Amino acid sequence: MRDLRKQALESHKTMSRKARSKIASGASSAAASRTASRNVSRAPSDDGDDGYLSDDTAWSTNSIDEILNGEDVQISEEQWKSELSVRIEQITNLKRSSAEGRTESLNAYAHILMARYANEQIEPHIRELLQSILRSIRQEATEREAVKALKALAATIVTLDTGDIYDDVSGELKRAIQSESTEVQINAIHCLGLAAFFGGAGEEEIKDIMTLFLEIVETDGVSVDAQDNGNIVTAALENWGLLATDIEDLEEETEAAVEAFVDQLESSDAGVQIAAGENIALLYEKSYTAQEEDEEIEAAPEDEDHPEYTKGGEKLVKRYQVYRNQPKLLQTLDELATVSSRRISKKDRKTLHSSFTDVRNSVEKPSRGPGYSTAIDQESGRAYGAGRMKVRINRNLEVRIDKWWKLLRLNALRRTLQGGFAYHYEQNEIVSSALPFSMGRGKSW
């Protein structure tokens with residue numbers, strides 16, 4: 001598998017500047033970061049060709065930030081490893097450290113990990129790194145230091161391949177979610193979601209974390225003393241969705257969750273509405289599973305002339321009901337897909353229209369994933385169907401985002417890695433294994 005991946009990746013990474021500029025700044029606010037990842041998720045195909053980073057440019061402290069911002073920066077492996085080594089020493093050596101110095105070191109460390117895969121460099125120091133990072137989160141000497149520590153921890157979680165970090169960090173992250181700082185709360189929610197997903201939490205523990213996030217959604221943030229804070233509710237929705245992609249059977253969790261998500265469709269915050277809608281679509285997707293070989297199901301014969309008919313396509317079976325009043329839900333989704341209120345910005349209206357057209361399609365027919373088109377190809381007489389939403393990693397490698405579970409995982413990874421996502425997809429098996437990929441227009445692997 002690794003040899004095959006190397007062959008596919010010989011052309012190295014490409015990501016258009018336009019796409020990466022949307023997720024550029026490592027110092028951006030949580031709300032801006034959320035908007036960036038949302039915009040990318042609706043149109044994730046990257047067609048640029050930035051080439052491979054060569055080794056003949058002197059190191060500057062801004063080089064990694066420029067890479068994340070989509071700039072054409074050349075930086076050698078030796079240079080970034082040397083800089084990372086310095087930052088690790090600064091973070092783990094607490095003597096004579098100041099809040100400002102720790103913040104700067106944590107910020108640089110996080111950005112290097114976002115832009116480059118550094119498992120070998122950080123693993124020998126992980127115990128000391130975690131102690132120092134968690135100390136910054138716990139003491140919260142300044143809001144900025146705590147936020148940078150949480151971002152550093154998030155990048156560390158996605159870099160480490162040990163898969164056992166959850167127990168070390170979960171307690172501190174749960175405490176940080178109760179912080180008086182909104183920015184700390186938002187980043188702690190995202191970090192806890194990543195830790196549970198990538199860090200070795202068991203299924204029951206994952207479900208407990210999902211319950212915590214659902215309480216935030218159900219109470220509009222009151223459960224964490226953040227009443228009606230849209231950014232915090234959005235973070236809880238996004239990370240509930242991420243963890244839900246890792247649960248095989250969601251039937252027991254569906255009833256309470258879908259009620260909360262449907263309620264949030266009435267939110268005045270577009271980010272909350274979209275995150276709730278994507279989770280609803282995921283629940284419908286998860287309520288259907290493939291028909292097993294020895295399973296006999298009475299079903300109407302397939303109409304081979306139907307525009308959406310696919311010869312030899314996977315047969316899906318409905319396992320349980322998601323929402324008791326689907327006609328009303330479809331009506332609400334129709335309204336959101338065509339909303340025209342002047343109280344909503346033009347940008348938000350466009351995003352709502354795109355998102356909820358997809359969500360409605362999936363609620364009506366759960367085999368339709370994000371980006372599914374019911375429009376008819378005049379030449380073939382068939383619906384265009386799935387596959388329009390893609391992430392181009394390089395010339396030979398692209399990821400088709402044709403399922404909601406894929407989209408929610410992609411969003412989480414891009415929130416964490418920002419402009420470094422494509423590089424990590426090539427180099428970091430933790431990232432690539434979270435999303436299946438295909439080579440060019442050929443086979444899926």
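Quick note: the coordinates plus some simple rules give every number you see, no bench work behind them. Quantities reported herein were computed from a predicted structural model and do not represent experimental measurements. A quick note on method: Cβ atoms are made from the backbone with ideal geometry, for glycine too, and the neighbour counts reach across all protein chains shown.
Figures for the structure shown
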{"quantity": "Whole-Å distance, taken between Cα centres, linking the stretch 251-285 and the stretch 203-231", "calculated": "13"}
{"quantity": "Sites ARG342 and GLU120, calculated FRET efficiency, Cβ-Cβ separation with R0 60 Å, nearest 0.05", "calculated": "0.65"}
{"quantity": "Radius ratio Rg over Rh of the stretch 148-212, counting only Cα atoms, Kirkwood formula for Rh", "calculated": "0.95"}
{"quantity": "Extended-chain gain in nm, criterion 0.36 nm per residue less alpha-carbon gap, GLU252 and ALA290", "calculated": "11.8 nm"}
{"quantity": "Net length gained if the chain between GLN178 and GLU364 were fully extended (0.36 nm per residue, minus Cα distance)", "calculated": "63.1 nm"}
{"quantity": "Per-selection metrics, the stretch 177-268 (Cα): Rg and Dmax in Å", "calculated": "12.5, 36"}
{"quantity": "Above-threshold pairs, the threshold being 32 Å between Cα atoms, out of LYS95/LYS406; LYS151/LYS403; LYS81/LYS207; LYS95/LYS174", "calculated": "LYS95/LYS406; LYS81/LYS207"}
{"quantity": "Loop chymotrypsin sites (Phe, Trp or Tyr not before Pro), the stretch 321-373, which have at most 11 other Cβ atoms in a 10 Å radius of their Cβ (DSSP)", "calculated": "none"}
{"quantity": "Gain upon complete extension [GLN321, HIS353; 0.36 nm per residue less C-alpha separation]", "calculated": "8.9 nm"}
{"quantity": "Qualifying GluC sites (Glu not before Pro) in the stretch 187-287, DSSP loop, other Cβ atoms within 10 Å at most 11", "calculated": "GLU248, GLU266"}
